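S.K.: One structure follows; several queries about it will come next.
The values are calculated or read from the model by the stated rules, or taken from the named source; none is laboratory data. The model shown is predicted, which means the values in this text are computed figures rather than measured ones. Quick reminder, even Gly has a Cβ in these numbers, built from the backbone with ideal geometry, and neighbours come from all protein chains shown. Please note that ligands, DNA and RNA were not included when accessible areas were found on the heavy atoms of the full protein model with its side chains. Shrake-Rupley method; radii C 1.70, N 1.55, O 1.52, S 1.80 Å.
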Amino acid sequence: MTLLLNNPEALKKVRDEIDAQVANHVRLLEESDLSNLPYLQYVITETLRLYPVVPLMLPHESSQECNVGGFHISRGTMLLVNAYSVNRDPKVWEEPARFMPERFEGAKGEGKLMIPFGMGRRRCPGEGLAMRVVGLALGALIQCFEWERTGKEEVDMAEGSGLSMPKAIPLEAMYRPRQIMLDTLEKL
Ligand code: HEM
């Protein structure tokens, strides 16, 4: 939501996409709509690329002696994978620090390594559920409310410390119900 507030044209694009999918604003977004909302998915994927929830993954241990990128790793070494850095690799991503959901449009993102959910055998088993829940929650907030920043300046994106990289300053934003959604909201 913070990235969308800082990129109002992307926020409008998501809202237009949802409005086109849920014609006449007669109901709340449903899980079955998500597959028809590609731009919403690109926004979430781009957010997880820039701000992976678990930037250093969970600690892993090498089960065998091995060599990674020229570094000798003994058996039993604790390994931390820097997903934050992998997801912003300038050799892979054009303007890696920029929020650009369009970079996933069509098949453009295919084959490019980003690992917000890890990879391999210990990859997050909750990925499918997480993507649906985040899609529904964010989509419904955008469908039902007008969102604005509290001031002219961009919302601060600095990261606080912690395993899950929280925002340093919690988001404060202004919102009001959209007129066209009032009937639907009243029936909830
Ligand atoms: C946006 C939401 C989520 C993100 C970004 C996320 C990310 C991750 C990451 C990065 C790992 C570590 C992978 C590794 O070390 O290689 C992980 C592990 C795990 N996640 Fe998630 N996760 C999310 C939601 C969920 C949900 C909703 C569930 C369960 C319902 C879940 C269950 C787990 C479990 C059980 C593991 C440990 C897997 C293992 O060690 O074999 N996660 N997740």
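S.K.: About its Cα centre, how strong a charge dipole does the chain have in debye, to the nearest 20, once Lys and Arg get +1 and Asp and Glu get -1 at the Cβ?
M.R.: Dipole about the Cα centre, nearest 20: 440 debye.
S.K.: While we're on this one: Checking the table Lys108/Lys152; Lys13/Lys152; Lys12/Lys152 against a 26 Å threshold on Cα-Cα, which pairs fail?
M.R.: Going by Cα-Cα distance, Lys108/Lys152 fall outside the 26 Å limit.
S.K.: Moving on. Report in % the part of the accessible area of the chain that belongs to carbon and sulfur, leaving out ligands and nucleic acids; probe 1.4 Å.
M.R.: Taking all protein chains in place, the chain shows 56 percent carbon and sulfur surface.
S.K.: Only loop residues by DSSP count here, and only those with at most 12 other Cβ atoms within 10 Å; note down the GluC sites (Glu not before Pro) in region 117-175 that meet that.
M.R.: Loop-located and lightly packed - Glu153, Glu154, Glu172.
S.K.: What trypsin sites (Lys or Arg not before Pro) in region 34-89 are in a loop by DSSP, with at most 11 other Cβ atoms within 10 Å of the Cβ?
M.R.: Arg75
S.K.: Going by average Cβ density within 10 Å per residue, which order do the peptides 58-65, 14-21 take, highest to lowest?
M.R.: Those peptides, ordered most packed to least, come out 14-21, 58-65.
S.K.: Then there is this: Go through region 67-81 residue by residue and turn each phi into a ³J(HN,Hα) via Karplus (6.51, -1.76, 1.60, θ = phi - 60°); whole Hz please, and just put x for glycine and proline.
M.R.: Once θ is set to phi - 60°, the couplings for region 67-81 become 10, 10, x, x, 9, 7, 10, 6, 4, x, 7, 7, 10, 10, 9 Hz.
S.K.: Then there is this: Of all alpha-carbon pairs in the chain, indicate the percentage at a distance above 29 angstrom.
M.R.: For the chain, the fraction of Cα-Cα distances above 29 Å is 31 percent.
S.K.: Along the charge dipole of region 11-89, pointing to its positive end and built from +1/-1 on Cβ of Lys, Arg, Asp and Glu, which listed residue (Leu40, Gly70, Val54) has its Cα farthest out?
M.R.: In region 11-89, that residue is Gly70.
S.K.: If you don't mind, there's one more thing I want to ask. Would you please give the residues with an amide H less than 5 Å from that of Glu146, counting only those at least 5 places away or on a separate chain, with H modeled from the backbone geometry?
M.R.: Sorted by chain and number, the residues that satisfy this are Arg176, Arg178.
S.K.: May I ask you to give the solvent-accessible area per residue for region 1-114, in square angstrom, as obtained with a 1.4 angstrom probe?
M.R.: 57 Å²
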